[in-house]
Amino acid sequence: MSEPVTIKVDGKEFEVRPGELLIKAAEDHGTYIPRFCWHNRMKPVGMCRMCLVEVDTGRGPMMVTACTNEVVDGMTVDTQNEAVQKAQEAVLEFLLANHPLDCPVCDKGGECPLQDQAMAYGPGESRFVEIKRTFEKPIPISELVLLDRERCILCARCTRFSEEISGDPLIEFQDRGNKTEVNTFPDHPFSSYFSGNTVQICPVGALTAKPYRFRARPWDLHMVESSSFFDTAHPRLSIHVSQNEILRLVGIDSEPVNHSWLSDKDRFGFEHVRSENRLDTPLVRRGGELEPVSWSEALDMVGNRLGLIVEESGGDSIAVIGGASGTNEDAYALSRFARTVLQTNNVDATMGEGPSAHFLAASIDRGLIADVDDADTVLVWGPDLKETHPTLYLRVRRAAQELGVNLVVIHPRVTGLDDRATATLRYRPGGGHELLSDLSDGSHEQVTSLISGKVVAIVGQASLADDPGLAESVAAFVREKAGTPRIIPLANRANIYGALDMGLAPDLLPGRVAYGPEAAPEPWGEIPAKRGLDTPGMLDALSEEKIRAVLLVGADPVGNSHEPELASDALDLAEYVVSIDTFLNDSNHYADVILPAAGFSEKDGTITNLEGRVQKVNKIIPAPGQGRPDWSILDDLSTVMGKSMGLGSPETIAKEVAAVAPAYQGISWDLLEWDARDGAVVPLDGEQPLTHIPVRAKGTKAPSAELLLHQGRVMYDDGVRLRNCHYLSRLAPGPVAHIHPDEAKRLGAREGVAVRVVTSKGEGEFAARIDEGTPEGVVFVPLHQPGAARLGTDPVVRVTVVT
Amino acid sequence: MGLLSELWRGLKVTGSTMLKTIGGSGLVTTEYPKEMRHKPQRFHGRHVLNRYPDGMEKCIGCQLCAGACPADCIYVRGKENDPESPVSPGERYGYVYEINMLRCIFCGLCVEACPTEAITMTHLFEMSTTNRQDAIYTRKELLMDESGKVPHMFPDDELADLDELNTADGWLRATAPSGVAAYEGVQMWQGTPGAASWDPEPSQEERDRASEGDDG
């Protein structure tokens, strides 16, 4: 690191790093220089001229923009002398020459940088009396964002964001001179997954969000910090609430996680919270119909029945599915409830999807999100990060684009990162293991040679046709190649990593401990010795009637299943099904009792993200009706069943977790609220009890059929929360099948025509999408789409045009 | 001696007041509610929501009145205008507008904050109700009809002065919108609420010219 340089700003001298921008250096040392276009996370452009300051580097004072000039040793800067003030007044007067004064109806009014800086640095009056430039008032540039060109001050923040950060350059300056305007291209809506960020960084009200439009003014919002429950990286955000209703979410600049960016799903996905479909009272099925009952009645009923079943048939006859949708405290309560009260090890939060629980929770050399910044190579062999892990996508994209990190992407079709990848490899759906053994046999030399030095391997299930063990095999392969790579194993589902850390897997106990009766935490007492079943195992046992009762916690095995009939038949056979959930889902049709749960923003607690970072989430609104947090429902149930857990409050649960879960030692709410606002990565001191070393599994051979089916997750699907979001629910692509143009020609399919897709496990009609990103011989069908048929996991497929 | 003269002095005040009262020139009490006292022009009474002469609502739902209110008695929510049949000019209108008169301290800051002169105060001050719910005035009660008439809460009450809502103080502004000190103390106000239109504020130059004219 080079020597710090000394600069003098407004008479105050301080040392800063050489090469730093003057505007940033001054701000870090307490001198705010006004600005519109400069943003901490983007490259400077010097568009708005608001940051003009007088700088003397020995050649006499000069007016320069602080955002484009780097600090130099001995620099003297004046940010508020008469000349600077005059320049600032002039800049503001020019900006306001065309900016309409419709602040009272503008969503930005009250928190607008232009408003604030016009008050602080402006001349107060304008000499311009001419009529202002007019445009058509807001034009929708996407389903979520409105553009008001009259208000735009041409700062280029949105255009730079879409080019530099999100990689969807869909919004750009058009025309020149006085006619310059920002706009989208004809027939190309601003359909970026990250469009909401441009609303957040717009320094005026030119870009506004539809869900927030005219809903409130900044001064009647209450705020609290929290983290998103959609993206498993848990981007940090601020919840803005008025009248007990969430009105918007705003990204918080968290250095290790999200750099203030949020995907639109994380930003606008709050709409489900006040959906009218939310469960708000306990429901009991009587004569086939669900009837509302009181909590005490419902709890008595459930407690007595479950108690009876445990007594008659033992804990093995009970299945507990889910638990990944709540906080760590909820998951801990469920884990303890299942083991000590229900006496069962049949618990599974992964729902049988993706890599194994041991690999997800306790993989050796677990990587951090920030590790991609200083890696030599990032290998992504997993789902399309842009679709499933947007926060990670932005970090990887930045590393490849701005920080010179080599990026290798291996996926069955084009992904959002391919345009920045140093090398890409495609493989046929189901052929992952074959490609992996080819790679270790020395083929694709130019790709494997990149896997050396500091490697971050981001691994997960890329395609439904892939064996779930592939991700672990890839990690093992990278370890063979590169020694000690950083491994980031990917999974979906809100708080899956936290749930596994709390022991919600048949072979795990809280704090990343391998299951064993002797390893039971002290307050738990005796726990069952018999190894439990995972979700597919539990569904099989249900079909064989070995399991009598099912407890679903935020889980929908039917909706998630690729063969829903199997899951629904199994649940139908269950004697007693209890569901704790926020919405009615497909599986709840089989539930005998449904208990309403509190969800996002309705409970305090902690959650753990994909790198093991524990963050605090906060309550700001009450749950609808009589909804309660999971831990409190389970606590009361345990009392009814005569084995009271006495959990008390989420904070006392957090203390209990810190005491009994080895990897969570030292994690307290105080720490997360004060000293570790960005969260703390567990284990704090580096030692974790269980270290899972990835093993290379023998893979299956790739199917040799001419046409193969690739099914993968996309950002917007038919998840129950998204389904209940007014704006986001329209964005799901629906039942579509992506086909390569040549393949389409062969099939005789054109864009939009209906095609029949048939596999061994299902068939259905899909709209054809002609897509060059999907290789020939492959059909890509986005998973879990509203109205789409389930096709099973078998990749062999037949496609015909419906006539 | 003293006693009689003191008695005389005291009774002189009583007697003269009695005579003045009988004569009618010294009346202190008015026969309210049959008779109303004169109220100053800028009396702060019940609010009204105004319309433009073409019938459009002036309120744009910006919530500045609610933000300015020191008693926190105003609740406003905005909504997007239907371009086919807009409620107010522009994009936004106030679709919820409520004032809790029990909390209101009639300070008039809402009137000052309003950027469109949508809310003004009238002379009506009789707002007694028999329950708390009725003390919350909504758009229905506050908004004048399209002819410029303001709905009275007790229109059938023979004692009510229906004119109080119409002959009232309108808009009062202490300084020019630009905040230039030269405008301080130059109060501009309009004696009528509602549909009446008024001339725009004169510029500084016009004002200077006018005052020069006065001098010459």
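The values are calculated or read from the model by the stated rules, or taken from the named source; none is laboratory data. Please read these numbers as outputs of a predicted model, since none were measured by experiment. Neighbour counts are summed over all protein chains in view; Cβ atoms, including those assigned to glycine, are modelled from backbone coordinates with ideal geometry.
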TODO: Could you give me the residue pairs with C-beta distances under 9 Å whose first residue belongs to the range B:56-79 and is facing chain A (nearest Cβ under 10 Å), whose second residue is aromatic (Phe, Trp, Tyr) and part of a loop (DSSP other than H, G, I, E, B) wherever it lies, and which are 6+ apart or on separate chains?
DONE: B:Gly61/A:Phe214; B:Arg77/A:Phe214; B:Gly78/A:Phe214; B:Lys79/A:Phe214
Task: Filter result for the condition that a residue is within 11 Å of chain B (Cβ to nearest Cβ), of a type in the set (Gly, Ala, Ser), surrounded by fewer than 20 Cβ atoms within 10 Å (Cβ to Cβ) and on the phi < 0 side of the Ramachandran plot, over A:Ser242, A:Ser238 - done: A:Ser242
Task: Matching residues, the range B:123-147, being in a loop (DSSP other than H, G, I, E, B) and under 15 Å from the mean Cα position of the chain (by Cα) - done: B:His123, B:Leu124, B:Phe125, B:Glu126, B:Met127, B:Met144
Open item on the list: So the check is Cβ under 8 Å with 6+ separation or different chains; which pairs have a first residue in the range A:494-507 that's among the aromatic types (Phe, Trp, Tyr) and a second one that's assigned to a loop (DSSP other than H, G, I, E, B)?
Closed with: A:Tyr497/A:Thr232; A:Tyr497/A:Ala491; A:Tyr497/A:Asn609; A:Tyr497/A:Leu610; A:Tyr497/A:Gly612
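Condition check ((1) closer than 18 Å to A:Ala338 by Cα; (2) in contact with an Asp or Glu (Cβ under 9 Å, 6 or more places away or on another chain); (3) at pLDDT 95 or above) across all residues:
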| site | (1), (2), (3) |
| --- | --- |
| A:Lys619 | no, yes, yes |
| A:Pro622 | no, yes, yes |
| A:Trp631 | yes, yes, yes |
| A:Asp636 | yes, no, yes |
| A:Glu651 | no, yes, yes |
| A:Val660 | yes, yes, no |
| A:Leu690 | no, no, no |
- [ ] State yes or no: is A:Thr208 within 14 Å of another protein chain (Cβ to nearest Cβ), surrounded by 18 or more Cβ atoms within 10 Å (Cβ to Cβ) and either at pLDDT 95 or above or closer than 19 Å to A:Asn609 by Cα (or both)?
- [x] yes
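The rows are residues; the columns are (1) at pLDDT 95 or above; (2) farther than 20 Å from A:Thr639 by Cα.
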position: A:Ser263; (1), (2): yes, yes
position: A:Asp266; (1), (2): yes, yes
position: A:Arg274; (1), (2): no, yes
position: A:Pro292; (1), (2): yes, yes
position: A:Ser296; (1), (2): yes, no
position: A:Asp300; (1), (2): yes, no
position: A:Ser325; (1), (2): no, yes
position: A:Asn328; (1), (2): yes, yes
position: A:Ala338; (1), (2): yes, no
TODO: Considering (1) part of a helix (DSSP H, G or I); (2) under 24 Å from A:Leu783 (Cα atoms), say which one A:Gly430 fails and leave the rest.
DONE: (1)
TODO: Check the range A:159-167 and report whether any residue there is farther than 24 Å from A:Gln88 by Cα, in a loop (DSSP other than H, G, I, E, B) and more than 14 Å from chain B (Cβ to nearest Cβ).
DONE: yes
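Kindly indicate the residue of the range A:185-205 that is part of a loop (DSSP other than H, G, I, E, B) and closer than 27 Å to A:Gln243 by Cβ and also farthest from the other protein chains (Cβ to nearest Cβ) among those meeting that condition.
As a first pass, look at the range A:185-205 and keep what is part of a loop (DSSP other than H, G, I, E, B): A:185-194, A:202-205.
Still in the list and also closer than 27 Å to A:Gln243 by Cβ: A:202, A:204-205.
Details: A:Cys202: 17, A:Val204: 15, A:Gly205: 11 Å.
Applying the filter and picking the extreme gives A:Cys202.
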Open item on the list: Let me confirm something: among A:Val64, A:Val55, A:Val72, which residue is of a type in the set (A, V, I, L, M) and part of a loop (DSSP other than H, G, I, E, B)?
Closed with: A:Val72
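For every residue, the table says whether it meets (1) away from every other protein chain (no Cβ under 11 Å); (2) over 25 Å from A:Ile171 (Cα atoms); (3) under 35 Å from the mean Cα position of the chain (by Cα); (4) not aliphatic (A, V, I, L, M).
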residue: A:Pro104; (1), (2), (3), (4): no, yes, yes, yes
residue: A:Asp107; (1), (2), (3), (4): no, no, yes, yes
residue: A:Leu114; (1), (2), (3), (4): yes, no, yes, no
residue: A:Met119; (1), (2), (3), (4): no, yes, no, no
residue: A:Pro123; (1), (2), (3), (4): no, yes, no, yes
residue: A:Phe128; (1), (2), (3), (4): yes, yes, no, yes
residue: A:Phe135; (1), (2), (3), (4): yes, no, no, yes
residue: A:Pro140; (1), (2), (3), (4): yes, no, yes, yes
Task: the range B:2-41: number of residues that are over 30 Å from B:Asp157 (Cβ atoms) and among the acidic types (Asp, Glu) - done: 1
Open item on the list: Condition check: aliphatic (A, V, I, L, M), within 14 Å of chain B (Cβ to nearest Cβ) and surrounded by fewer than 18 Cβ atoms within 10 Å (Cβ to Cβ). Does A:Leu96 satisfy that?
Closed with: no
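Residue under question is A:Val182, and the condition is that it be surrounded by 20 or more Cβ atoms within 10 Å (Cβ to Cβ), modelled with pLDDT of 95 or more and of a type outside the set (Asp, Glu); does it hold?
No: the conditions fail for A:Val182.
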Open item on the list: Quick check on B:Lys34: is it over 30 Å from A:Pro140 (Cβ atoms), away from chain A (no Cβ under 14 Å), touching a residue at least 24 places away in the same chain (Cβ under 8 Å) and within 17 Å of the chain's Cα centre (by Cα)?
Closed with: no
Task: Residue satisfying all of: in the range B:38-55; under 16 Å from the mean Cα position of the chain (by Cα) and among the charged types (D, E, K, R); nearest to the other protein chains (Cβ to nearest Cβ) among these - done: B:Arg51
Task: Checklist (1) in contact with a Phe, Trp or Tyr (Cβ under 6 Å, 6 or more places away or on another chain); (2) at pLDDT below 80; (3) not hydroxyl-bearing (Ser, Thr, Tyr) applied to B:Leu162, failing item - done: (1)
Open item on the list: All but one of (1) at pLDDT 90 or above; (2) within 14 Å of chain A (Cβ to nearest Cβ); (3) surrounded by 17 or more Cβ atoms within 10 Å (Cβ to Cβ) hold for B:Thr116; state the number of the condition that does not hold.
Closed with: (1)
TODO: Sort through A:Ala462, A:Ala476 and tell me the only one that's buried (at least 24 other Cβ atoms within 10 Å of the Cβ) and either touching a residue at least 24 places away in the same chain (Cβ under 8 Å) or assigned to a helix (DSSP H, G or I) (or both).
DONE: A:Ala462
Open item on the list: Being more than 14 Å from every other protein chain (Cβ to nearest Cβ), under 30 Å from A:Tyr590 (Cβ atoms) and over 24 Å from the mean Cα position of the chain (by Cα) is the requirement here; does A:Val273 meet it?
Closed with: no
Open item on the list: For a quick check of your reading: which helices (runs of 4 or more DSSP H) sit entirely within the range A:283-369 and have at least 2 residues that are touching a residue at least 40 places away in the same chain (Cβ under 8 Å) and out of contact with any Leu (no Cβ under 9 Å at 6 or more places or on another chain)?
Closed with: A:295-313
- [ ] Looking only at the range A:1-37, count how many residues are of a type in the set (Phe, Trp, Tyr) and closer than 21 Å to A:Ala120 by Cα.
- [x] 2
Open item on the list: For A:Asp73, only one of the following conditions fails: (1) modelled with pLDDT of 95 or more; (2) farther than 28 Å from A:Cys158 by Cα. What is its number?
Closed with: (1)
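Taking the range A:213-227, which residues are within 12 Å of chain B (Cβ to nearest Cβ) and either under 22 Å from A:Ser254 (Cβ atoms) or out of contact with any helix residue (DSSP H, G or I) (no Cβ under 8 Å at 6 or more places or on another chain) (or both)?
Initial filter on the range A:213-227 (within 12 Å of chain B (Cβ to nearest Cβ)): A:213-221.
Of everything in the range A:213-227, those that are within 12 Å of chain B (Cβ to nearest Cβ) and either under 22 Å from A:Ser254 (Cβ atoms) or out of contact with any helix residue (DSSP H, G or I) (no Cβ under 8 Å at 6 or more places or on another chain) (or both) turn out to be A:Arg213, A:Arg215, A:Ala216, A:Pro218, A:Leu221.
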Task: Positions within the range A:751-803 being touching a Lys or Arg at 6+ places or on another chain (Cβ under 6 Å), in a loop (DSSP other than H, G, I, E, B) and closer than 14 Å to A:His738 by Cβ, in sequence order - done: A:Gly773, A:Thr774, A:Pro775, A:Leu783
